[in-house]
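The values are calculated or read from the model by the stated rules, or taken from the named source; none is laboratory data. All figures in this text were calculated on a predicted structure; none of them were measured in a lab. In this analysis, Cβ positions are derived from the backbone assuming ideal geometry, glycine residues included, and neighbour counts consider all displayed protein chains. These area figures cover heavy atoms from the full protein model, side chains too; ligands, DNA and RNA do not enter into them. Shrake-Rupley method; radii C 1.70, N 1.55, O 1.52, S 1.80 Å.
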Amino acid sequence: MYQFSLDWFNDMYVKALQVATEGQEWPTLDVSIPVTGTLRPAGAKSLRRAVVVPGTCAPNMGDFNLRLLKMMNAITESIYKEVSLALFVDHQVVFSFLMCCNFMKTNKHNMIVGSMEFLPAEEWKIFLHSAVLASMMDSKRAEQDEGELLGEHPDHLWLTDSMWAQCQYLCAHLPCFATLYKSIQTNRVQWELFQQARNLYEFLSEPYAGSDTEGESSQSATALKDRPLKCVHIFPWESLSGFQKIILIKILRPECLNTAVKAFVIEKMGSKYLEVGKISLRDVYERCSANVPILFLLSPGMDPASHLVRLAQELRGSSLHLDMVSLGQGQGPRAEELIYKAQVLKGRWVFLQNCHLAASFMPRLQTVVNSLKWKGSDLDPHFRLWLSSKPDPVFPASILQRAIKIAVEPPRGLKEKLLHTFSPSGEVTERSFCKMDCSPAWKTLLFSLCFFNAIVQERKKYGPLGWNIPYTFTSSDLEVSMLNQESLLRAAEGSELPWVALRYLTGEVIYGGRVTDPWDRRCLLTILHRCYTPSVLQDGHSFCQAQGYPPFPKDASWPQCRAYIENMPDKDLAEVFGIDSSAEMVILQNQTQQLLHTIVNLQPRLSDSSLLVRDRQCQDGVVLRMAMNILKKLPETVEVDHVTEKTLFLRDIIAKVNFAESSSSDQGERRTASASSALLVILRQEIDRFNYLLRVVRSSLLSFSASIRGEVLMSEALAEVYTALLTMIIPSDWKHCSYESCMALGSWIQDLEQRVWFFRAWADNIKINLREKIPMISGGVYSLNRPPKTDLQQSLKNRKPRSYWLSGFFFPQGFLTAVLQNSARQKNVPVDSLSFTYHVQPVDESSSNWSKVADKTKLLFEGPAPPDEGVLVYGLYLDGASWDPVSHTLQELQHNIKHCPVPEIHFLPCQVSEDAVAVPATESPGDLQFYDCPLYRTFKRAGFLSSSGISNNFITAVSLPTSECPTHWVFRGTALLCQPNE
C-alpha cells in the first residue's frame, strides 16, 4: 500500500522549492554571451557569468551552497512528513534510516549534504549480509587475507559462533576492524563493558580507558592472568564512523540495533526525522483539494469513522453532510450514486469504508476517482472523498498513488490503550463509567475488565512468551464483555457477585472464542482470574506490585480515573504482564529482526543478490562451491555414505529376524527377540523420513550443480536454490519434506548431519546385536566410521541405547508413544492406561553435560547404565525459566541468558489410577508443586492445528517441580523447547 507516483513527487518538489525560495532573489545567468572556443578547466567558470541584480551583492559559491542546502532540506522534510503519514510505526524508522543512508551513499564527491560522511558500498553490503558473507569465508581465505589464522573462539558466554564468524569477516575486509578479534580474545573487561552499556551508540563515542583496572571483576582478572604471554589489545571504537558503529552493534549486540539506528538518524539528520503523529485530520483536510481522495490504511481493531465524525462536527457543527457506506456485497452502486450526488450538492463528504471487501467494485471506483482529476473548477471545493481499506492487493494502484494516505494504528502500551478506552471516542465514556443505578462494584470491575483487555492485547509484543499465536482482540470483545458484566451485576444486586459466570462468559466465550491454542487458553483464563476475583474489591488492591501502579481508587470519579491512568508509567514494565524483566530482550530482538528483514526486502533484487566476492570469484563459483560442500557433508542414506550391493540395511535385518522368529518353535525366544519392536518400528520410520529428505537435498544440489555448469536448464526450483544459497535460507522444496526447524541454512545442514549420525549409530547398534542373536544374518557392510569397525562392534555389542536425543527425531510424539507401547506389552495392560511421570536427573561431576558436547551421538551409549524402565532423553531447553540443579526446581532466568539447557529427563511410564484426584495448586510459595510445562519442537511454538485440535509443534506436557505457584510460570510463558532461537 506504500505507493507514490512521479506526478505526486513533482508536485511535492515544486511546493518545497516555493517554500524554500520564498522572498529570495537569485542571480540570473546571462545567456546572451555566446559559448565559443575550447573548453578548458581554468576558463570553464566564465562561460556563464552571473548577472548581479541591482541592490544585491555579488554571488559566491558559499551562499549558493547554503541556498542549495536549504532547498534540499525543505524537499527532504516535506517528503518525509507526507510519506511518514502513510507509514505504520514499525516502518517509519526504516524509512528514516534508508533515507539517511541513501544520502550518505551519494556524498562521495558532493560534500553539500551537510556533515554526513560517505557510506561505501562495501560497508552497506556487510551491514545487510554479514552472516551470509561470513559463512562464505573459510579459514584458508581468512588466513590469506589476514596473514595468520584469526584464532580460536573466545569463551565469552554472549559470543555465539555466528557472531565470531562475522567478527572474523570484519577483520579480514574492513581495515578499521583489523584488531577486533584480538581485542575480543584478550581484553575481556572492555567487551564486558560493551555488553553492559545501555545507550550503546553514544557509549561507543567515548574511548575505552584501558589503564584503569581497579574495577575489573575477579573473573576477568583471573582470565587475564591465565594468558600472561598475550598482550591486551584495546579496540579503538571511538574512531569508527557512525555507520561502522551500527555494523558493530548489529553483529555483537543486535538487540540494541533499533535504538542505535534512531540515535544514528538523529545524529545525521536531526530528531525531526523520527517524529510521528504530528498532523491532525483537520490539517490533512485543509492541505488537500477536492479532486484528491483521502485514504485511511487500516490495521486490525481500528475504525477511523468516529474521528471523521468528530472532524465533521468540528468544522460544520454537525455530521449531516457526511455520507458513510460500508462496502460489501451489493453496496457498490449505492456508493457510486452517493459520490455523484455529492458532486452536485454543495459541501458533501462521502466515506467509503472497508474497500478491501468490495473487490468487484474496485475497477469502477478507479474510474470514478480518475474522473475527479479532470473536473477542475467544476468540482465543489468543499467536496471530499474519504476511503478506508486494509492492505490488500485488490486495491487499485492508481488510487494509492494519487490519494493522501493516513495510517491508522491502535495505541501502543498499556497507558495509551487505557487512555483511548476511557475517552469520549473510546469504549468507556463518562456516562457509561458513572452509572448510578448499577452495582457499587461497577467502576472497579469495569476498570479491571479494561485492564485485562489491555493486557491480553499487549502480551503479543513478547512473541511466543506472550501468546503462541498472535490473536487480534477487537473493541467489540470489550464492548460485549461490558454488556455481560452490566447484566450480571444487575441480576445479582443484593447478593454475592457471580464470579464464575463472569469468568466463563468473558474468558471462555467472548475472548476465549478467538483463542485456538489450549495453552494460550490456559494463560488467558489465568490472567482473567487475576482481574475477576474478590480481592480486586478489597482496599489497597493493586494489579501490579511494581512502582508506578498504585491501587485503583475506590468509587473514583471520571476525572480521578483519567488522572490515575495518566500517572501510569509511559513504558510498560514486564512485571505488569507477569513476565520476567529479562524478557524485554525478546521485544528488542523481535524489533531488530523485523527492521533487518524489512530493509533487506526493500533492496533491489539485482543489487541484493550481487554479493561481491574477493579473489575474482563470481557468484556462480561461490554457490557451486557451497553446493559441493553440502554434498560432501551429507551421505546418500542414513545407514551408509555410499550404497553398494553388499550394503546391509536395517529393513533387511528386520525381515530376516521376523522370518527367524516365525520359524522358531520357542515362543519365549520370539518374545525376547521382539521385545523392543515398537522402538524398532520408530527407528525404521525415522530412517525412511531422513532418507527421503537426503534424496531430495542431494538430487536438488546435483541438478543445481549441473545447471551452473551449463549441462541442464535452470528451472524455477533450481533458481530458488540459487537464491537460497546466497541468502542462507532453506529452499522451499527442502522445507516441505523436512522436520520442523527455524534455523538458517548453515545451521540446518549441521543439525541435519548430527541427526543422521545419531540414527546411524542407533541403527548400527541394532544390527550388531541382532547379528549376534540370529546366526543366519551374516555379511553386509557397516556404515559408522567413528570409531573403526572392530572397535565399534566391541563397544556396541550387547548394549542398548542409554539416552535418546529427543530433539533429533523427525516425529518425537511417535517415539514417546512407542515407549508407552513397550511398557504396556511388558506389563500386559492397555496402553491408554499408561502415562509418563518425569524425573529430571541430578547433575554431578560424573554425569556429562549434553549441552557442551558437540557430537550429540556420544550420549547415546556413553555414561551409566540405562534405566530398567522408561527412557532417558536429552536435548531440551527451558524458555522463560531456568533449572536449579541444587533445589531441583524451576527458577528465574538469569540475566542475558536466552535459554537454559535442561539435564536429562527420565520419562517413566506408570499406570494411571481411575481414583486419582488432582491436587489443586496452592498460593503458598514454599510448598513444592508441579507446573505442567508444554514441550514444543521450535521456539515459535505455533503450528498447524491437527484434527484433534492440537498444534503439530506441540509434543507433550512435562510436569516440573517448582517452589512457586504454577500460575507464576503460566504468566511467564515458560515452556520446553527442542530447538531454541539462534
So, in region 859-905, how many residues would count as being part of a strand (DSSP E or B) and either open to solvent by 30 Å² or more (accessible area, probe 1.4 Å) or of a type in the set (F, W, Y) (or both)?
7
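Is it fair to say I339 is in the same structural domain as P300 (by the TED database), surrounded by 17 or more Cβ atoms within 10 Å (Cβ to Cβ) and under 21 Å from Y2 (Cβ atoms)? Don't jump to the end; show me each part of the working.
Numbers: in the same structural domain as P300 (by the TED database): yes; surrounded by 17 or more Cβ atoms within 10 Å (Cβ to Cβ): yes; under 21 Å from Y2 (Cβ atoms): no.
Taking the combined requirement at face value, the residue does not satisfy it.
Could you check, for region 465-479, whether at least one of its residues is under 21 Å from F577 (Cα atoms), free of Cβ contacts under 8 Å to residues at least 24 places away in the same chain and not assigned by the TED database to the domain that holds K940? Break it down stepwise before answering.
Residues of region 465-479 under 21 Å from F577 (Cα atoms): 465-475, 477-478.
Checking the rest, the ones that are also free of Cβ contacts under 8 Å to residues at least 24 places away in the same chain come to 470.
Pick out the ones that are also not assigned by the TED database to the domain that holds K940 and you get 470.
For region 465-479, residues under 21 Å from F577 (Cα atoms), free of Cβ contacts under 8 Å to residues at least 24 places away in the same chain and not assigned by the TED database to the domain that holds K940: present.
For region 906-927, give me each residue that is open to solvent by 20 Å² or more (accessible area, probe 1.4 Å) and at pLDDT 85 or above.
So in region 906-927, the residues open to solvent by 20 Å² or more (accessible area, probe 1.4 Å) come out as 906, 908, 910-927.
Across region 906-927, the qualifying residues are H906, L908, C910, Q911.
How many residues are of a type in the set (G, A, S) and in a helix (DSSP H, G or I) if we restrict to region 427-472?
Let us first name the residues in region 427-472 that are of a type in the set (G, A, S), namely 432, 439, 441, 448, 454, 463, 466.
Of the ones still in play, those that are also in a helix (DSSP H, G or I) are 432, 448, 454, 463.
Counting residues in region 427-472 that are of a type in the set (G, A, S) and in a helix (DSSP H, G or I) gives 4.
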If M585 satisfies all but one of (1) open to solvent by 10 Å² or more (accessible area, probe 1.4 Å); (2) out of contact with any His (no Cβ under 6 Å at 6 or more places or on another chain); (3) modelled with pLDDT of 85 or more, what's the number of the condition it fails?
(3)
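Could you tell me whether V576 is under 16 Å from F447 (Cβ atoms), open to solvent by less than 40 Å² (accessible area, probe 1.4 Å) and among the β-branched types (V, I, T)?
Working: under 16 Å from F447 (Cβ atoms): yes; open to solvent by less than 40 Å² (accessible area, probe 1.4 Å): yes; among the β-branched types (V, I, T): yes.
Yes.
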Tally, over region 531-551, of residues that are open to solvent by less than 60 Å² (accessible area, probe 1.4 Å) and not in a loop (DSSP other than H, G, I, E, B)
4
If G466 passes every condition in (1) under 23 Å from G426 (Cβ atoms); (2) open to solvent by less than 10 Å² (accessible area, probe 1.4 Å) but one, which one does it miss?
(1)
For the list (1) touching a Lys or Arg at 6+ places or on another chain (Cβ under 8 Å); (2) buried (at least 17 other Cβ atoms within 10 Å of the Cβ), I need the number of the one condition that S738 fails.
(1)
Considering region 375-415 alone, what residues qualify as being open to solvent by less than 10 Å² (accessible area, probe 1.4 Å), in a strand (DSSP E or B) and small (G, A, S)?
S388, S389
Taking the criterion of being under 35 Å from the mean Cα position of the chain (by Cα), open to solvent by 40 Å² or more (accessible area, probe 1.4 Å), modelled with pLDDT under 75 and farther than 19 Å from A818 by Cα, would at least one residue in region 660-669 satisfy it?
no
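Within region 489-528, count every residue that is touching a residue at least 60 places away in the same chain (Cβ under 8 Å) and assigned to a helix (DSSP H, G or I). Give the derivation first.
Start the filter on region 489-528 by keeping residues that are touching a residue at least 60 places away in the same chain (Cβ under 8 Å), which leaves 516-519, 522-524, 526-528.
Cutting the leftovers down to assigned to a helix (DSSP H, G or I) gives us 518-519, 522-524, 526-528.
Adding up the residues that qualify gives 8.
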If a residue must be farther than 25 Å from T956 by Cβ and of a type in the set (V, I, T), how many such residues does region 517-544 contain?
2
Can we say C167 is at pLDDT 90 or above, among the hydrophobic types (A, V, I, L, M, F, W, C) and open to solvent by less than 10 Å² (accessible area, probe 1.4 Å)?
yes
With respect to R651, determine if the residue is closer than 18 Å to L702 by Cβ and open to solvent by 20 Å² or more (accessible area, probe 1.4 Å).
no
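For (1) in contact with an Asp or Glu (Cβ under 9 Å, 6 or more places away or on another chain); (2) modelled with pLDDT under 85; (3) farther than 19 Å from F203 by Cβ, each residue gets a yes or a no:
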{"site": "P254", "(1), (2), (3)": "no, no, no"}
{"site": "V261", "(1), (2), (3)": "no, no, no"}
{"site": "F264", "(1), (2), (3)": "no, no, no"}
{"site": "K268", "(1), (2), (3)": "yes, no, no"}
{"site": "K272", "(1), (2), (3)": "yes, no, yes"}
{"site": "G277", "(1), (2), (3)": "no, yes, yes"}
{"site": "A290", "(1), (2), (3)": "yes, no, yes"}
{"site": "P293", "(1), (2), (3)": "no, no, yes"}
{"site": "P300", "(1), (2), (3)": "no, yes, yes"}
Residue under question is V657, and the condition is that it be at pLDDT 85 or above, open to solvent by less than 70 Å² (accessible area, probe 1.4 Å) and either in contact with a helix residue (DSSP H, G or I) (Cβ under 8 Å, 6 or more places away or on another chain) or not in a loop (DSSP other than H, G, I, E, B) (or both); does it hold?
no
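Of everything in region 559-573, what is over 27 Å from Q92 (Cα atoms) and open to solvent by 30 Å² or more (accessible area, probe 1.4 Å)? Give them in sequence order. Spell out how you get there, then give the answer.
Of region 559-573, the ones over 27 Å from Q92 (Cα atoms) are 559-565, 567.
Once the filter is applied, which keeps residues that are over 27 Å from Q92 (Cα atoms) and open to solvent by 30 Å² or more (accessible area, probe 1.4 Å), region 559-573 yields P559, Q560, R562, A563, N567.
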Could you say whether any residue in region 295-307 is open to solvent by less than 40 Å² (accessible area, probe 1.4 Å) and acidic (D, E)?
no
Segments classed as strands (runs of 3 or more DSSP E), wholly inside region 287-373, with at least 1 members that are out of contact with any strand residue (DSSP E or B) (no Cβ under 6 Å at 6 or more places or on another chain):
none
Hits in region 704-722 - residues which are open to solvent by less than 50 Å² (accessible area, probe 1.4 Å) and among the hydroxyl-bearing types (S, T, Y):
S705, S707, Y722
For region 429-447, what are the residues that are within 30 Å of R972 (Cβ to Cβ) and surrounded by 22 or more Cβ atoms within 10 Å (Cβ to Cβ)?
L445, L446, F447
State whether the residues of region 552-563 include one that is of a type in the set (K, R), farther than 23 Å from R972 by Cα and in a loop (DSSP other than H, G, I, E, B).
yes
